[in-house]
């Protein structure tokens, strides 16, 4: 490889790294927003059988609930339920 080809490879690798870094920053922003509603409203988070439940309200009939195999997945499901009509 000559110097020009090496510079092109280096530039491509740098661009790839910057893209990955930007994507990681965006993922952190999205994850923070996912927890924002949860932290403001402070719904109950508890294990229900083999799943986790995130519940805002008195019970499952009246409140808004989300379920998942982990607390994080239950919060994500709850966020989705919060925005449904």
Label zone at residue 1 (point 7 Å along Cα-to-Cβ), backbone N below 17 Å, the stretch 15-40: 15-18
Which of 73, 21 has the fewest Cβ neighbours within 10 Å, and the rest in rising order: 21, 73
Burial ordering of 83, 72, fewest other beta-carbon atoms within 10 Å first: 83, 72
Convex hull of the chain built on C-alpha atoms - directionally averaged projected area, nm²: 8.4 nm²
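A short reminder: the numbers here are calculations on the coordinates, not readings from a lab. Bear in mind that the values here come from a model prediction, so they are computed numbers and not experimental data. Ideal geometry is used to build each Cβ from the backbone, glycine not excepted, and the neighbour counts take in all protein chains shown.
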